[in-house]
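Take a look at the structure below.
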Amino acid sequence: MNPLKRLLGRTGKENLVSRKPSGRFQVVGVTHLLGKQILGGIVLDGILYPGYKLRGGGVALIREIHIQNRKVDFAVEGDRVALVLEGRLEVGEGEVIEVYRS
């Protein structure tokens, strides 16, 4: 397989994450819209940026972050957000997942 495609996540399996988590996120709800998985929840600690990856029941890339129906550039501890993902996670309500830099 082409190494560039693997780095860009075109294989359907997002496996590249840093070793140390940069934050934690608690899932409040999970939905799907136009083929994308969307996680609603609370940033427990750290900071989230688009391009960071979530690991918990798989690995997925954060494509967009929304706070109160507005797209934002980042989210910090205590923010209630919706994360639009590229890829899928097998997570349930109340689950805490780790956030990693890409």
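Just one of (1) within 13 Å of the chain's Cα centre (by Cα); (2) surrounded by 14 or more Cβ atoms within 10 Å (Cβ to Cβ) trips up G51, so point out which.
Tallying (1) within 13 Å of the chain's Cα centre (by Cα); (2) surrounded by 14 or more Cβ atoms within 10 Å (Cβ to Cβ), G51 fails exactly one: (2).
Tell me yes or no: at least one residue of the range 42-65 is out of contact with any strand residue (DSSP E or B) (no Cβ under 7 Å at 6 or more places or on another chain), acidic (D, E) and modelled with pLDDT of 95 or more.
The answer is no, given that none of the residues of the range 42-65 is out of contact with any strand residue (DSSP E or B) (no Cβ under 7 Å at 6 or more places or on another chain), acidic (D, E) and modelled with pLDDT of 95 or more.
Name the one entry in V59, V99 that is within 18 Å of G29 (Cβ to Cβ) and in contact with a Lys or Arg (Cβ under 7 Å, 6 or more places away or on another chain).
Testing whether each residue is within 18 Å of G29 (Cβ to Cβ) and in contact with a Lys or Arg (Cβ under 7 Å, 6 or more places away or on another chain) leaves just V99.
Just to verify a result, which residue in the range 61-75, among those that are aliphatic (A, V, I, L, M) and touching a residue at least 12 places away in the same chain (Cβ under 8 Å), is surrounded by the most Cβ atoms within 10 Å (Cβ to Cβ)?
A75
Which is surrounded by fewer than 18 Cβ atoms within 10 Å (Cβ to Cβ) and within 11 Å of the chain's Cα centre (by Cα), of G78, G94, G58?
One residue alone meets the criteria, G58.
The values are calculated or read from the model by the stated rules, or taken from the named source; none is laboratory data. Note that the structure is predicted; figures quoted are calculated from it, not measured. So basically every Cβ, Gly included, is an ideal-geometry build from the backbone, and we count neighbours across all protein chains shown.
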